[in-house]
Each structure stands twice: as structure tokens, then as C-alpha cells.
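A short worksheet on the structure shown next.
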Amino acid sequence: MIELRNVSKIYTTGERALEDVTLTVEEGDIFGIVGKSGAGKSTMLKLMGLLEMPTTGEVVIFGENAGAYRGAKANAIKKNIGTVFQGFNLLMQRSVAGNIAFPLEITGKRRHEIKTRCEELAELVGLSDKLRAYPASLSGGQKQRVAIARALATNPKILLCDEPTSALDSFTAKEILRLIKDINAKLGMTTVIITHDIHVVKAVCNRMAVVDEAHIVEIGKTAEILANPQSAKTKELLNFDI
Amino acid sequence: MEYIETGFFRHHLEVFLEFRSVLWESTLETLYMTFATVTMAYAIGLPLGMFLVCLGKGGLFPNRAVHAPLSFVINTTRSIPFLILLVALIPFSRLIVGSGIGNNAAIVALVVAAAPFIARMVETALNEVDVGVVDAAKSMGANNFQIMFKVLLPESIPSLIRGFSITTINIMSFSAMAGVIGAGGLGRLAIRYGINFWRYDIMLIIIIVIVIIVTIIQFLFNLLATKIDRRI
Ligand SMILES: Nc1ncnc2c1ncn2[C@@H]1O[C@H](COP(=O)(O)OP(=O)(O)OP(=O)(O)O)[C@@H](O)[C@H]1O
Ligand SMILES: [Mg+2]
């Protein structure tokens, strides 16, 4: 479903964010990417979401070398990918319904279609009573639910989540993770979760990769890696407790 | 003391009544120049500001080679004192509106002064929109047109309205100087009576009229901006 083939990313500033990264995310899987701040996790997600182009290597999505696409061709692929961000990134001047409607408006859906879909999605994320509220009046957990509903609006085949729980308290974080897991089970979309917290990966991901200083240091089944970590970096992440 | 104050008030009331028709005419002329300038300056400044945002660093289609000279022209125009611009543009106004003096000539100069100011303000307002929100729209496959008209502009509307209020007041204040090139309005009235005849009583009435207009504009637009803003 998503493949990175020998991908390197050097930003125009000269920053080497990723070096020779290769990984595959299977269809319907929940894949976790974990690593410290600055490791290159968000860069990886931006490549998968076609927000950045690889410097070298290929980003293959739905079997196409989509990493090289620009403009309308890239936009067409992006409409099959939903993204959830750490900072929610909601439109502050639009209501909850308006936010969920946004990606549908972009794809030129009809009014009544949009309305029905908004109600469906609000129900799915448990916000049916908040459709007319504005983001400023919502709690962090509710904002992230709106963001998830918005990411799911166009029925994407891929859901990318960049630190979806980092801005939330641990209780709300668990609720959001459970929601993502439920949605994956119900709708079967390929899901990638980025986090600096290995416990998040442990809780929801089937497969995982550990990233450190622009490289993948370990990749495989979550259960196996956690039971028998090979890399010193993985052990470091596992043993980190305050 | 009481007598003097009552006399002061009564005197100015009498002057006001005596001059009310010329005051009214001048107010209308000022409003006409302000309104015409605001309309045309926004017709130029708003798209120019949007264009600047697109060309700027991190914009929708960054292009330093176009952004830098454009930015330079805007800064230069903005740094010319209005009084000098007003006189310097007389030949240009003659070319555009057929006369180098009068209300319409003043409007030409006012537009030239206000459009770059508006462009900068629009640029600032649009650049204040959270990059994360723009990223989110891009991640959904929004094209540049959609990002501009569905994200950047709607998200910055409260800020644009506040800017509109400041611009309008500035233009009105600048239009007072246009009396120098024979334009009408409260500015010319103040120059004619206040400076030529030392009529400080008329001057005071003109100041009160201007303060009232400015207060109304400020109040209405701030109310509108607050009502519209969903962040509060
Ligand atoms: N747009 C950019 N331009 C230049 N350098 C960048 C850009 N985005 C990221 N970087 C750099 O690339 C490196 C990796 O950044 P990235 O955001 O991918 O890390 P991350 O693992 O997501 O970190 P965090 O946990 O702090 O979000 C960092 O050194 C960062 O400074
Ligand atoms: Mg990050």
C-alpha cells in the first residue's frame, strides 16, 4: 500500500532528515513509527502524504511512484489519504460541520451529500451534538475527534497520524487511540501512526519501525520487537520512564 | 466661570448653525473622496497583497525574483510623504482624470498612497494564518486557488476587517491634506477658515465632526470584526 524505497530527504536548508529509508506498510495494517524528537518521523509522514518530495528514492503509493508527482496529479492521490496532525490544524472560522465538510467541498461534492456525510462522521467520532460548535469552544480531545472525522470524510484508503495524542492528557490520549483502532477495524483503512511514545505503538500497532537520526534502526512486528529488542535505541525508548 | 462656559458653548453652537450647510457639503466631499479611494485602493491592494503572499517565502508559489522587486516598489511608495506624493502626482492625475487639481486628482494620489499600504496589510493578515491549517488543506489535495479562497481569506477575515477600519480612517485623514491641490472636503474648510482667517471656532467644530466620523467607523468595524471572529 505504502512503500518507501531507499528514500533520502535533504531539505533546502541542507538538513538531512532521512537517509536511505526503506519500509513497506501493508494494506489494512496499523503501522507505528517511533523515535526521538528530530529523528525524521514527521518528514517520513510528509513524504507518505506527498507534502514533500524525496531527494532520492521512491515513494510508492497504490503501486504508483507518487513521490515524483506534482500539482493536480499529486492532489488526486492526496484525496485518498487522510491526515491527522498533532496540533489538530482545524479551520478556526468554520464550525465542526464546516471543518468536516472542507475536504468534501474540495472534491466538489453536492450540498446534501456533504450534510449526510458530516452527520455520519460526527456520529462515528461521537460528536453529533457539536456539529454547529466552533473549534475554539472544544476540548483538545474533541478537536482531535473533529480532525479525525475530517481526515475520514472522503473515505480515504490511507490514514496518516502525526503525533495524534501528544497534545492530549493521558486519559484523552487513550480514548483517541481506541477511536483510531476502532476505525481501522471497522473501515479497514491502512493506518500509520507517528509517535515519540513507544507505549502508543504497543497499544495499537501491528508492525513498527524505530527511527533514529534519519535512519530506521529496527523494523518488524510490534510484539516481536518489544519482546526482544535488537537495537540499543529501541531499548532506550523502552526503558525510558520518569 | 459658568457664564464663560455657557458663552463658549453657545458661541460654537451659533457658528455651527451658521456654517452647517458648508460643513455638510464638506463632510459629504470628504466621505466621497474616502469612499472612492477605499474602493479603488482595495481593488488594487487586495489582489496585490494576495499575490505577495503567494510569491513570498513559504507561499503557494514562492518566487523571490518577482517578490523582491514588488516588495521594493511597495516600500518605496509607502515611504514617500503624502504631501509630496500629492504634488508630485499632479501630471499623472492630469493624464488619468484629465485634471491635476480637484477632488478626482486627489483621489488618484490617495489611491497611489493607499494601495501599497493595503497590500502590505493584507499580506500580513494572510501570513498570520497558521501554517498547520494550510498544511492540512494541502494534505487533502486542495489546489492553490482553494487554499487562497477557502482557507487563507476566510481564516483572516476578522483581521482584514480590522485593517479595513484603520485604512479607511487613514485615508480620510490623508484626504484632509488634499486641500493643497484644490480638493474639497473638511480639510480645505479647515485650511480656508482656520489658517487664512484664524477662525479657531470653526476649526474646533471641524475637529469634532471628524472625531465623530472616525469614532463611528472604528466602532462599527470593530463590532463587526468581533461578531464575525469565531476564535472568541
Ligand atoms: N521544512 C523543513 N526545512 C528544513 N529542515 C526541516 C524541515 N522539516 C524538518 N526539518 C529538519 O529535519 C529533521 C527531522 O525533522 P522531523 O520534523 O522529521 O523530526 P521529527 O522526528 O518529526 O521530530 P519531532 O518529534 O520533534 O516532531 C530535523 O532536524 C528538522 O530540523
Ligand atoms: Mg514531528
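Among the residues of the stretch A:45-61, are any touching a Phe, Trp or Tyr at 6+ places or on another chain (Cβ under 7 Å), on the phi > 0 side of the Ramachandran plot and touching a residue at least 12 places away in the same chain (Cβ under 8 Å)?
There is at least one residue in the stretch A:45-61 that is touching a Phe, Trp or Tyr at 6+ places or on another chain (Cβ under 7 Å), on the phi > 0 side of the Ramachandran plot and touching a residue at least 12 places away in the same chain (Cβ under 8 Å).
Here is a list: B:Ile44, B:Ile101. Which entry is outside any helix (DSSP H, G or I), over 30 Å from B:Asp135 (Cβ atoms) and in contact (Cβ under 8 Å) with a residue 60 or more places away in the chain? Show your work before the answer.
Working: B:Ile44 fails: outside any helix (DSSP H, G or I).
Answer to the check: B:Ile101.
Given the conditions (1) within 16 Å of ligand 1 (Cβ to nearest atom); (2) out of contact with any Asp or Glu (no Cβ under 6 Å at 6 or more places or on another chain), which single one is not true for A:Ala39?
So the condition that A:Ala39 fails would be (2).
Tell me whether the stretch A:66-79 contains one or more residues that are within 14 Å of another protein chain (Cβ to nearest Cβ) and within 16 Å of ligand 2 (Cβ to nearest atom).
Checked against the condition, which is being within 14 Å of another protein chain (Cβ to nearest Cβ) and within 16 Å of ligand 2 (Cβ to nearest atom), the stretch A:66-79 yields no hits at all.
Kindly provide the set of residues from the stretch B:154-167 that are surrounded by fewer than 19 Cβ atoms within 10 Å (Cβ to Cβ) and either within 10 Å of chain A (Cβ to nearest Cβ) or of a type in the set (Asp, Glu) (or both), ordered by number.
Of everything in the stretch B:154-167, those that are surrounded by fewer than 19 Cβ atoms within 10 Å (Cβ to Cβ) and either within 10 Å of chain A (Cβ to nearest Cβ) or of a type in the set (Asp, Glu) (or both) turn out to be B:Pro154, B:Ile157.
Among the residues in the stretch A:126-134, are any under 21 Å from the mean Cα position of the chain (by Cα), within 11 Å of chain B (Cβ to nearest Cβ) and at pLDDT 95 or above?
no
Within the stretch A:4-18, take every residue that is among the hydrophobic types (A, V, I, L, M, F, W, C) and within 12 Å of A:His215 (Cβ to Cβ) and give me the one that is farthest from ligand 1 (Cβ to nearest atom).
Filtering first and then ranking leaves A:Val7.
Going by what's in this entry, would A:Val34 be described as in contact with a helix residue (DSSP H, G or I) (Cβ under 9 Å, 6 or more places away or on another chain), outside the structural domain of A:Lys233 (by TED's automatic domain parsing) and within 16 Å of ligand 1 (Cβ to nearest atom)?
The answer is no for A:Val34.
Hey, can you tell me all the residues within the stretch A:10-52 that are more than 16 Å from ligand 2 (Cβ to nearest atom), within 13 Å of another protein chain (Cβ to nearest Cβ) and under 24 Å from A:Met189 (Cα atoms)?
A:Leu50
Among the candidates A:Leu160, A:Leu127, A:Leu168, single out the residue that is surrounded by 19 or more Cβ atoms within 10 Å (Cβ to Cβ), within 16 Å of ligand 1 (Cβ to nearest atom), farther than 19 Å from A:Leu51 by Cβ and aliphatic (A, V, I, L, M).
A:Leu168
Can you pull out every residue in the stretch A:76-92 that is under 17 Å from the mean Cα position of the chain (by Cα), away from ligand 1 (no atom under 16 Å from the Cβ) and either on the phi > 0 side of the Ramachandran plot or not small (Gly, Ala, Ser) (or both)?
Scanning the stretch A:76-92 gives A:Ile77, A:Lys78, A:Lys79, A:Asn80, A:Ile81, A:Leu90.
The values are calculated or read from the model by the stated rules, or taken from the named source; none is laboratory data. Everything numeric here is computed off the predicted structure, so don't read it as measured data. In this analysis, Cβ positions are derived from the backbone assuming ideal geometry, glycine residues included, and neighbour counts consider all displayed protein chains.
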